[in-house]
Every structure is written in C-alpha cells, then in structure tokens.
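Okay, structure first, notes after.
The values are calculated or read from the model by the stated rules, or taken from the named source; none is laboratory data. Source: prediction; values computed, not measured. Using ideal geometry, Cβ is built from the backbone for each residue, glycine included, and neighbour counts are taken over all protein chains shown. Only protein heavy atoms, including side chains, enter the accessible area calculation; ligands, DNA and RNA are left aside. Shrake-Rupley method; radii C 1.70, N 1.55, O 1.52, S 1.80 Å.
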Amino acid sequence: LAERMTAMRLISWLLLLVFMLSGVFAARRFRGGRNPQPRRTPPSPTYRDRGDTTESFPLDFTAVEENMDNFMTQVKNLAQSLYPCSAQKLDYDMKLHLLENTSVTCNDGTPAGYYMKESRGSRRWLIFLEGGWYCFNKENCDSRYDTMRRLMSSSKWPQTKTGTGILSPLPEENPHWWNANMVFIPYCSSDVWSGASAKTDHSGYAFMGSLIIQEVVKDLLTKGLDNAKVLLLAGSSAGGTGVLLNVDPVAELLEGLGHPGIQVRGLADSGWFLDNKQYRSTDCHDTISCAPTEAIKRGIKYWSSVVPERCRQVHLGEEWNCFFGYRVFPSIKSPVFVVQWLFDEAQLTVDNIHLTGQPVQEGQWRYIQNLGIELRNTLKDVPAMFAPACLSHEVITRNYWIDVQVKGTSLPRALHCWDRSLQDNSRSNKAPPKGCPVHLIDSCPWPHCNPTCPTVRDQFTGQEMNVIQFLMHMGFDVQKMAQQQGMDPSKLLGMLSSGS
C-alpha cells in the first residue's frame, strides 16, 4: 500500500508539472507576441561511460511549446509505467502472435509470426527483422534444418521474448525508442527476407520472407499501426539486408492500403555487404565457403526472390546486385540509416578470412585493411550512417550498443539526431540540428583502433585484450607499420592506445 501511495504521489506531481508548464508556455506565447525570446539550446544528453552504472535521462522540454500532444503522451506513458511498479510486476516481454493467414509460412510450412509489445499512447512503431545467414540449395537447406531448425520453423518458438538494445523497454538501455510499440519478426525463411515461393515437392521448402513482412504489417494495422506516425523497419545481418530490400515495398504497401501518412524509415545494421573478391577463392559448397555474389545468384533463383522495383529496373537480368548495399541504396526512396562495422566478421568469413586465434599472415592483414578502405568508400555518400572501425558483427540489439562511439557520438544519439533532422526537413528546414551529427565514420585504419569498440577476448584464454594486445595477436608489426607511416614506434603505440 505504501508503494502504491508513493507511485500515486509521483503521478500527481507529474500532472501538476504538466499544468504548470502549460501555463508557462501559454504566458510566454502571450508575452512574446511576434518576437519571442530565442530559446536556449539545452546541453546534449550524456551517455554512460564504460564501467558506469547510471545514465542521465533528463526530460527534454525544448519542443513542448510546439508539440504539447507528444509531451503529454510521454508523461502519460511515464505515469502508466509508475503505477504498475507498485501494484504488480511490470511485463516487459513481447508476446508471440502467429499469422492468421496460414498460407504465409516458414521454410517447413509452419505458420510465420511475430512478437509484439504494445505501448499505449505511442504513435511510433519499430519492426525488427532477425538475421541468421541463409541457404541456397536443397543440400545446405537440409543441413540448416538439421542444425538450426529455429531459423526454419516456428514449431518450437517460445511464447514470449525479451527485447534488448533498441528493442529494450528500459530507458537506460534504449534512451530514445524505449516507449515505442516493439515488434520482432523471427527469421524463418532463410532467404534474406526476399522470397515469395510456397513449399513445393521440388524444393521441399517455402521461401516467403518478403511475404512474411507484408503479412505482419497488414496484421499490425488491426492492432494500432493504422494510427502510427513513424514506422522504423530495422534489422541486423541478413535482417539488415532485408531492410534495404523491403523498406520501400512496406511504404508502398501502406500507401496502397490507405495509410500514406505513416512515415516509413529504415535502420540497416550489419547488412551492408560487399560483392568483393575473396581473399582465397573456394568452391561454392555452402554458405560459408561460397563467394557472396555466387551464393546470391543461386539463392534468388531458388527463393523466387522479389527485389525493389526501382533497383530491378536498374539491374535487369542481374537482380542479385540489389542484395548489396551500395548498389541498392541509390534507388531507395525511404530514409535509411546505415550501421556498419568497418571490419565486419561476417564479411571476412565469406571472404575466407578466418580469425581462429592464430596470428594473421601479412597478406591477410593487408586484405583486412583494404576491406575497411573499400567499405568506407561505399559509405561516403550515405547521408545517415554510423561506421566504427571495429571487428564485430551486429550491434543494435546488443546491450553495449549505447557504449560504442564514433567521434564522441554514440549510436543512440546519432539515431536521435537523425529523427530530429527528418522532423526538421518535414517542416522545410533543411539545415541539420547543430551539434547533432548523423554521418559518422571512423577514419583510423585498423580493426579496433576505436577505443569504444566491443571487448575482444582471446579465444584460448578467455582474457580480455586491449587494442595493442589485439593487434599484436593478429600479427600487427608495430615497427614495420610505424616505418610505413614515417613515425616513431612509441608514438604509434601511444596513438593506438588513445584511439587517435
């Protein structure tokens, strides 16, 4: 009872604050007339440093005058979250919904579905596409079904799922999207979210990734999506590529169903792959050994893939090009934010660079460095992106996603700036918000030269490694590299230690 009374007092205080602010802003508008005082810019929100256990989460009143409805929604959500704290355990989990249209299925014919956590009062929706490689013929799909059945069947999916990273309902883990309506679509089509073919006796499997997304969106329109203001289609790895392939079709679907006012945006994490030459060419037997272009060429036929119409027109007869970020991106109309490690582990794997704990050879080291250069070049014309010089794969659903920074800006902060820039552009204000960067790419040339990169552990001892230990472990020759750069080795070590 005491806890409930405390919560009720907090709610009362919040409501009093709202009424006081409403009066202040009304009076300010009355006094200001045609020449109101310029509004001071508040300090940027701070993000916790590694090792800190707390993070500031200040209430932002800067836009309240122009958007009182949004502020009231935030207060309402906060009040709703306070009351259950005293009355019962908060239910943070997303719940499983299998599609009512059972003709849209996973690979094995079981119904596809999604997990959802509703956020009453919020008009922002986040739909996340799971990743998990692919298979492109009967043999490697059979192997995948034996070893990774969860990625091909819904038969053993749990009834609930807890969101992490950008899917987390906790503001300390997810500063700007914590109160959105969260939807997680499990990956069970093995087709990079592109297929449109039902199960046949010939293939033995259905490949319906693109249809699953469309059917989920239709289903969500009956659950509140019809009232949405913003829909963020996000995904990691194969799901990130799936975002690039599906963000425009989703926007077109909603417009065709009579919802042109919903702003559809994309967030592609670790799905910006290169169709580059492998370090060492191998025969195309399975997903890992097959060159990226050859795997996709075989896959799109096996999956009966659908690619965005504008990209298809550009690459008639060679639609496989649309699976590679730098080739499909110029044809995408919807706003897309790209998140990509400059030294992506999945890219290195398909390029036949296997970092098994043994020091890399000089040729491999040069290849890894050149990969970072190539990737950086393909991203230079992407207006909204976050590209740290780290050796990793996937980030937006990791609990450390708020810790990684590029040039002093964290990923949640960059996404918040991107949101603001899109809002400002819709008001015909083309200038980006000051001190709010959205084009962030590391300039240092080596894997993990950014000191905020995720922790790397020695595969044999399990011990954490700092940047210098990691680079030496990979065979990095400090003396030789310093000589190439024309500097003293101790100076190079100092620069590496500080992340310069």
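List of remarks:
- Applying the set (1) on the phi < 0 side of the Ramachandran plot; (2) open to solvent by 10 Å² or more (accessible area, probe 1.4 Å); (3) touching a strand residue (DSSP E or B) at 6+ places or on another chain (Cβ under 8 Å) to Gly239 leaves exactly one unmet item: (2).
- Residue within the range 184-192 that is touching a strand residue (DSSP E or B) at 6+ places or on another chain (Cβ under 8 Å), open to solvent by 20 Å² or more (accessible area, probe 1.4 Å) and in a loop (DSSP other than H, G, I, E, B) present: no
- Among residues of the range 113-164, those that are within 21 Å of Thr102 (Cβ to Cβ) and aromatic (Phe, Trp, Tyr), counted: 4
- Options Gly299, Gly271; residue that is open to solvent by less than 30 Å² (accessible area, probe 1.4 Å) and in a loop (DSSP other than H, G, I, E, B): Gly271
- Taking the criterion of being touching a helix residue (DSSP H, G or I) at 6+ places or on another chain (Cβ under 7 Å) and buried (at least 19 other Cβ atoms within 10 Å of the Cβ), the residues of the range 133-143 that qualify are Trp133, Tyr134, Cys135, Phe136.
- Checked against the criterion of being under 27 Å from Leu233 (Cβ atoms), touching a helix residue (DSSP H, G or I) at 6+ places or on another chain (Cβ under 8 Å), open to solvent by 10 Å² or more (accessible area, probe 1.4 Å) and not aliphatic (A, V, I, L, M), the range 365-380 contains one or more residues that satisfy it.
- Inspection of the range 213-221 finds a residue satisfying the criterion of being out of contact with any strand residue (DSSP E or B) (no Cβ under 7 Å at 6 or more places or on another chain), of a type in the set (A, V, I, L, M, F, W, C) and without any contact (Cβ under 8 Å) to a residue 40 or more places away in the chain.
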